[in-house]
Every structure is written in structure tokens, then in C-alpha cells.
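First comes the structure, then the notes that go with it.
The values are calculated or read from the model by the stated rules, or taken from the named source; none is laboratory data. Note that this is a predicted model, so its numbers are computed, not measured. For neighbour counting, all protein chains shown are included, and Cβ atoms are generated from backbone atoms with ideal geometry for every residue, glycine included.
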Amino acid sequence: MKNILKTKAMTMQFGGVTAVNALEIEINEHEIVALIGPNGAGKTTAFNMITGVYTPTNGAVIYTDAEGQECNITGMKPSEIAKIGIARTFQNIRLFKDLSVYENVIIAKHLHLKSDFMSATLHMPWYNKEQAKAEEKVEELLKKVDLWDMREEKASSLPYGKQRRLEIVRALATEPRLLLLDEPAAGMNPKETDELTVFIKQIRQEYNLTVFMIEHHMELVMEISDRIYVLDFGETIAKGSTEEIQNNKRVIEAYLGVDEDA
């Protein structure tokens, strides 16, 4: 399989604290890879380094573009990383809550518009053509993910599960090749989680996506992941298939098998 992202000894220190230590991850095209571990293990910090929110203290993030060229994206701005094909969602939903479903998605679609501010202000022909194409793509996307009928509703008025779905759809509007999902099932009830599981499988197939996700919901992780990495206190303690992770004694001790009253 063709590699799309790898990290080389990626490390993040905050003062004297090492949040992530020498993380080595490889993700291949069209995989669903999960990053799991207890709270405070460094999972979101790892996502933040990959997407440009943080610049690693040491190490590198290497992305392979659509032409097969390896690019060192370490320290690039989040907007630049989004433009080359890496999108993400956040643990805490970050929708524009007072804007409509449609407006949330069209804003993300504007990432790839080539027209400048003046062209947009004056409604130049080339801008109008680009805008019309973007609107057509948004309509097509919202219909595919069953949100078209809700397009005029405020994002904040949607049920929680639909807000989570909208955030993923907004990321899809940037036309990513690699989609990072930070705890997409957080706060969901069992029915919403089941729907999310189906949805992730669906978009992976329909949009030829590679998915890298952080998730605490183990049923979801074990059902859809091709491979899993496990962090504990910033250290990688295991990696492998779902079966290998489920049977790994160190993982069970650190995470999967902790007693409820411990």
C-alpha cells in the first residue's frame, strides 16, 4: 500500500514536560487508523503537530501528495496544510453556530477559490463562475450526506449527532485526501454512534479518503479500524491490528482493562 503520512520521531515538549515523545506513525492510503490511549496521553497534541497548530520540538511530519511526492510539512500553517489535502475536526465542535448548515459548508469550500477579494467584491465573471461551481459542489455534497433538507437551519439548532456530522462534512468540503477526526463519537448516544460508524465507512469509500482518528469509543474503533496505535503518557506502547491490540497485555493494563473503581 502507498504511504500518505508518516511522522519521524515527532516530539512535543511544553517547558519541562514531554507531551509526545518520538512518535513514529505510518498511515497508508485508504486506511482507517486509530490513535487511542487514556486522557492526557498526548493524542490531540499529536494531531495538533500534524495539522500545524503546534510545531514539533523535534522530529518531522512527512506527507505524500497526490503526485506521489514526499513533502516535509513540519511547521507549516494550518491553512497551508488544509490546502494540500489534510483536513480535521475537533474534539469540541467548532461550527459557526449562528450560520446555516449551507453557509458552514460553503465557507470551507472557499478554501480552493482562486479569485481574490477584489474580484469577489466586484463580482467579476471569473469569480461568479468559480462561486457557481462551489455552490453546485456544496449542494451535491449535502445531498449525499443527507443534510440538504436542513441546509437553511442554523448549525446550533441541529441535534448533537447532526452537528458532529456537519463538522465532518465541512472538512470534506475542503476536498481532503487525509481526514483527521478528533473523538468524533464524543457525547453521542448509542444510536448516533452506530450512525457515525456507517457514515465514516461511507465517506471513506465515496470520497476515496484515508482516515486517522482519535476515539475513546472502543466498539467503534474495533469495528472500523485497519490498524491502531496506542499512546500512554506520550509514549507509543503498542501498534498493530485490532486483534493484536485487544490481546496486548500492556494495552489492557494501561487502557482497555482498567477497573471501573480503580
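Worth a mention:
- Failed item, numbered, when Asn104 is tested on (1) assigned to a helix (DSSP H, G or I); (2) under 16 Å from the mean Cα position of the chain (by Cα); (3) of a type outside the set (Gly, Ala, Ser); (4) surrounded by 14 or more Cβ atoms within 10 Å (Cβ to Cβ): (2)
- The set of residues in segment 4-44 being under 17 Å from the mean Cα position of the chain (by Cα), surrounded by fewer than 22 Cβ atoms within 10 Å (Cβ to Cβ) and farther than 20 Å from Ala185 by Cβ consists of Lys6, Ile25, Glu26, Asn28, Glu29, His30.
- Restricting attention to segment 136-161, the residues being part of a loop (DSSP other than H, G, I, E, B), aliphatic (A, V, I, L, M) and either at pLDDT 90 or above or over 26 Å from Asn189 (Cβ atoms) (or both) number 2.
- Checking Ile228, Ile245 one by one, the residue that is closer than 21 Å to Thr210 by Cβ, β-branched (Val, Ile, Thr) and either surrounded by fewer than 16 Cβ atoms within 10 Å (Cβ to Cβ) or modelled with pLDDT under 95 (or both) is Ile245 and no other.
- Residue within segment 67-79 that is touching a residue at least 60 places away in the same chain (Cβ under 8 Å), in contact with a helix residue (DSSP H, G or I) (Cβ under 8 Å, 6 or more places away or on another chain) and of a type outside the set (D, E, K, R) present: no
- Test: residue in segment 183-201 that is assigned to a loop (DSSP other than H, G, I, E, B) and among the acidic types (Asp, Glu): yes
- With respect to (1) within 18 Å of Ile4 (Cα to Cα); (2) assigned to a loop (DSSP other than H, G, I, E, B), the lone exception for His216 is condition (1).
- Evaluating Arg165 against the criteria (1) closer than 23 Å to Val138 by Cβ; (2) in contact (Cβ under 8 Å) with a residue 40 or more places away in the chain leaves one unmet condition, (2).
- Filtered residue count, segment 46-66, keeping only those that are closer than 17 Å to Ile25 by Cβ, out of contact with any helix residue (DSSP H, G or I) (no Cβ under 8 Å at 6 or more places or on another chain) and of a type in the set (Gly, Ala, Ser): 3
- Extreme residue, farthest from the chain's Cα centre (by Cα), among residues of segment 138-162 that are among the small types (Gly, Ala, Ser) and over 24 Å from Tyr207 (Cβ atoms): Ser157
- Residue pairs whose Cβ atoms lie under 7 Å apart, sitting 6 or more positions apart in sequence or on different chains, and linking a residue in segment 199-221 that is closer than 26 Å to Ala41 by Cα to a partner that is among the basic types (Lys, Arg), are Thr210/Arg177; Val211/Arg204; Ile214/Lys43.
- Residue match in segment 169-177 (condition: over 23 Å from Glu80 (Cα atoms), in a helix (DSSP H, G or I) and not polar (S, T, N, Q)): no
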